1. Got a number for residues in segment 141-174 being among the small types (Gly, Ala, Ser), surrounded by 11 or more Cβ atoms within 10 Å (Cβ to Cβ) and out of contact with any Leu (no Cβ under 6 Å at 6 or more places or on another chain)?
2. Looking only at segment 30-59, which residues are in a helix (DSSP H, G or I), open to solvent by less than 30 Å² (accessible area, probe 1.4 Å) and not β-branched (Val, Ile, Thr)?
3. Kindly indicate whether any position in segment 175-184 is over 16 Å from residue 47 (Cα atoms) and open to solvent by less than 80 Å² (accessible area, probe 1.4 Å).
4. Quick one: which of 120, 106 is modelled with pLDDT of 95 or more, open to solvent by 80 Å² or more (accessible area, probe 1.4 Å) and of a type in the set (Asp, Glu)?
5. Given (1) in contact with a Ser or Thr (Cβ under 8 Å, 6 or more places away or on another chain); (2) more than 30 Å from residue 61 (Cα to Cα); (3) among the aromatic types (Phe, Trp, Tyr), where does residue 144 come up short, assuming only one miss?
6. Determine if segment 151-158 includes at least one residue that is in a loop (DSSP other than H, G, I, E, B), modelled with pLDDT under 95 and on the phi > 0 side of the Ramachandran plot.
7. Could you identify the single residue in 27, 21 that is over 17 Å from residue 94 (Cβ atoms), open to solvent by less than 80 Å² (accessible area, probe 1.4 Å), without any contact (Cβ under 8 Å) to a residue 60 or more places away in the chain and in a loop (DSSP other than H, G, I, E, B)?
8. Name, by its number, the condition in (1) free of Cβ contacts under 8 Å to residues at least 12 places away in the same chain; (2) loosely packed, with under 13 Cβ neighbours inside 10 Å; (3) on the phi < 0 side of the Ramachandran plot; (4) not acidic (Asp, Glu) that does not hold for residue 65.
Amino acid sequence: MPKFLLVLSLVILASCSRTVTRVEPATVIDLSGRWNDTDSRTVADKMIYDLFDSQTFKDYAKQLGRKPVIVVGPIRNKTSEHIDADNYVKKFEMVIHNSAIAEIVESGDFRDKLRTERTEQQDFASSATAKQFGKEIGADLMLFGEMTSETDTNNRKRVVNYITTLFLTDIETSKRIWYGQDEIKKLVKN
């Protein structure tokens with residue numbers, strides 16, 4: 001009997017083992033049907049390039065006479081799902097930074113950390129290397145927005161429509177320069 005229990009235990013342990021496979025980060029894997037990294041990347045890329053291709057943005061940049069400086073503000077998650085808003089915002093910042101069409105400046109917590117460091121340098125760094133106040137580049141525009149979702153269910157099917165709405169607004173005049181929206185619709189069958 002003990003050999004039988006040992007064999008049974010080994011079979012149970014073997015059947016419960018987990019396997020992990022490394023895949024390319026760009027690989028589309030949709031396990032739950034919820035918002036995922038592919039959705040974040042797809043929406044960020046599409047919306048930023050829609051923004052840069054818009055005539056209102058081009059006119060603004062032309063009138064400015066240089067690359068506009070953008071700060072990315074909050075993108076609020078108003079869906080019922082947990083979506084890491086910081087990760088999503090970073091995707092937008094990365095696309096803007098890599099675009100060579102606009103400049104980007106730090107926002108929120110990062111800017112505060114830089115200011116704290118600059119303040120501490122006044123007391124602890126040599127005067128030759130301490131960074132000065134009043135040298136920050138002011139943003140011309142703020143990009144902000146929200147994510148919402150609409151869900152419809154019937155029996156073992158669910159349709160979720162994710163809607164990301166973004167606004168690009170002139171900080172000085174509060175004039176909206178661009179308004180964009182993108183949707184991802186998912187059909188989930190259980």
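1. First pass over segment 141-174, keeping only residues among the small types (Gly, Ala, Ser): 145, 149, 174.
Adding the requirement that they be surrounded by 11 or more Cβ atoms within 10 Å (Cβ to Cβ) leaves 145, 149.
Subset that is out of contact with any Leu (no Cβ under 6 Å at 6 or more places or on another chain): 149.
Qualifying residue count for the region: 1.
2. Result: 39, 40, 44, 47, 51, 52, 57.
3. no
4. Details: 106 fails: modelled with pLDDT of 95 or more.
Unique residue meeting the criteria: 120.
5. (2)
6. Checked segment 151-158: at least one residue is in a loop (DSSP other than H, G, I, E, B), modelled with pLDDT under 95 and on the phi > 0 side of the Ramachandran plot.
7. Values: 21 fails: open to solvent by less than 80 Å² (accessible area, probe 1.4 Å).
After ruling out the rest, the residue left standing is 27.
8. (3)
The values are calculated or read from the model by the stated rules, or taken from the named source; none is laboratory data. Here the structure is a predicted model, which is why all the values come from computation and not from measurement. Cβ coordinates were reconstructed from backbone atoms using ideal geometry, including for glycine residues, and neighbour counts include every protein chain displayed. Side chains included, ligands, DNA and RNA excluded: accessible areas come from the protein's heavy atoms. Shrake-Rupley method; radii C 1.70, N 1.55, O 1.52, S 1.80 Å.
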